Amino acid sequence: MESFRSLTVTQRDQILVEQQVFDIFKTFYNLPRSSQSFMLELQREKHVEYLTKGLTGLGPSFCVLDANRPWICYWILHSIALLDEFVDPELEDNTIDFLSRCQLSMSVVGNLLIVIASHKLIRSFLGSWLHINLVLPVGADGAQAHCALANYGPNGGYAGGPGQASKILDMIIVKLLPTIFCMLTMPHLATTYAAVNSLVTLGGDKALSSINRWSGYAIIEFEVFIGSYLTEVCNFLQRKTIHVFAANERCQWGIQVASLLNILDDELVQNVGNYILGSSSLSVVSNCGKLECFSGLSDALCCQTYEGGISGEPGSEAHGGYTFCGLATMILINEVDRLDLSSLTDWVVFRQGVEGGFQGRTNKLVDGCYSFWQGGIFALLKRLNSTKGVKPIPLGDGEGEESPQTTASSDAAGEEGLNEDLSLGGSHSEIGDQHHTSSQVNVIDIDHNHSKGHANVEPLFNSLALQQYILLCSQELNGGLRDKPGKSRDHYHTCYCLSGLSVCQRSWLEDEDSPPLPRAVLGPYSNLLEPIHPLYNVVLDRYQEAHEFFTKS
């Protein structure tokens, strides 16, 4: 006991979690086989019941998530889709109506920006102190503050709930400058990302056509700028006056939404890669309208850390969620080769602990949600290797197809469309002059149609151990999934535990068109979930429907 007290808090917490997990494993292995089968079974009906109930109404304790209501929709709808279930038509219509009411009036956003740009103190602060003008060419009287954002249509982005954005202008009047930048997150990319993914998951013309793509472009453009420029300058100057965003994640939200809606263009991706990687100089727009550079910021501003993972902002610690977001962003903007993928791989491999699950950061506790945030990184890395023609290493000794360690075919036949560009942007002169761009943005087609053959290849993590952690330690038998033993179930962890389970069930396959072999799926084969698109974390067939819809429209 004395030796336990001498340990650090981190060490004590780790030991306690390990004891809880190993007690569960010990109990499991001492059970008769029939009871083991039950414990390893994914409780589909209970999960659907828990999720559907959450979509129809939540208790008062959820008031803290009032500004994140589209996220709750996404967590629940995506989880239901992974379980190959659907919400009833009335509930679907109500969800579409609710999310439509979260889509904001562009007049509110435009008026907000005009107030910011025309306020003398704010203009002086932004122009002189930061040498930046928020992309708004503001004159002395603020007359030029009607930036391009005001021309993108009647709606712009999604807020955390209906009517929430109307409070922004009131807050500007009564709060100090720092609050302005905090309040700019309503509407913001987090809830826009969640709302778009929710509607894509629902699928169908009604849900997809409710998304005003080009007006959404405005808030994406504005916030990606805020994320990739303002945070850098604030960090460089080491000021505390302005709220520092986790800009890496913000960039990923914006780039993913733009890619999914087929509005990604050169203007949106400009400098995003430089921010994630760091650059030899940071160019910002001065209040005189010309570019100025801060030199020698590469080390301080690089989000990929010495560990190999990626942080949410320069100078911070590598983190599983931000590493996924950073990698996905670099893939979507076709700059993934600028990352040090070798050190990134080393970092993420060592995030899987003795419990079988993943931790988010070095020396942190296991958490079920990282089943996707870390597990999804492996899915992206595997497909990157396939698109580059890196031949995977087959496993097994040819004794049959029942084991996930068996190679069913050693001569995988070539790669189909490995470097096939998926054009998600391009010249928008057909839509309007304000969106004109000179060239297309092509992204790597990382979907499930990237190779032929049925070879099973060894993943870089222990897939079966992760499935065991999810099913035995994260799953609650009465529905829902959780962070770890001792924690309560919630919709967030249900979403990302199931997403991670889907990823690792298919981690053995080279050919994603083929179903996993039975022994690659821990527990009964009925545990098999729907496949996801690893870049977007939406069910694959819903992504394909949305991609076709927005390519034609």
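Hey, could you check segment 17-55 for residues that are touching a residue at least 40 places away in the same chain (Cβ under 8 Å) and not in a helix (DSSP H, G or I) and say which is most open to solvent (accessible area, probe 1.4 Å)? Among them, the one singled out is Glu41.
So which residues in segment 482-535 are in contact with a Phe, Trp or Tyr (Cβ under 6 Å, 6 or more places away or on another chain), within 30 Å of Thr56 (Cβ to Cβ) and open to solvent by less than 20 Å² (accessible area, probe 1.4 Å)?
Pass one, segment 482-535, residues in contact with a Phe, Trp or Tyr (Cβ under 6 Å, 6 or more places away or on another chain): 491-492, 495-496, 499-500, 518, 520, 533.
Filter again for within 30 Å of Thr56 (Cβ to Cβ), leaving 491-492, 495-496, 499-500, 533.
Selection gives His491, Cys495, Tyr496, Ser499, Gly500, His533.
Figure legend. Inter-residue proximity from segment 360-376: first residues closer than 16 Å to Gln468 by Cβ, second residues small (Gly, Ala, Ser) and open to solvent by 10 Å² or more (accessible area, probe 1.4 Å), beta-carbon distance below 6 Å, spacing 6+ or different chains. Indicated pairs: Val366/Gly353. Here is the figure for segment 1-14: residues that are loosely packed, with under 12 Cβ neighbours inside 10 Å and either among the β-branched types (Val, Ile, Thr) or not in a helix (DSSP H, G or I) (or both) total 5. For segment 355-372, check the following and say yes or no: at least one residue is crowded, with 22+ Cβ neighbours inside 10 Å, closer than 22 Å to Cys303 by Cβ and of a type in the set (Asp, Glu). Yes, that holds for at least one residue.
Ala465 meets each of the listed conditions (1) in contact (Cβ under 8 Å) with a residue 40 or more places away in the chain; (2) surrounded by fewer than 21 Cβ atoms within 10 Å (Cβ to Cβ); (3) part of a loop (DSSP other than H, G, I, E, B) apart from (3).
The values are calculated or read from the model by the stated rules, or taken from the named source; none is laboratory data. Since we're looking at a predicted model, the values are computed, not measured. Neighbour counts are summed over all protein chains in view; Cβ atoms, including those assigned to glycine, are modelled from backbone coordinates with ideal geometry. To get the accessible areas, we keep the full protein, side chains included, count just its heavy atoms, and leave off ligands, DNA and RNA. Shrake-Rupley method; radii C 1.70, N 1.55, O 1.52, S 1.80 Å.
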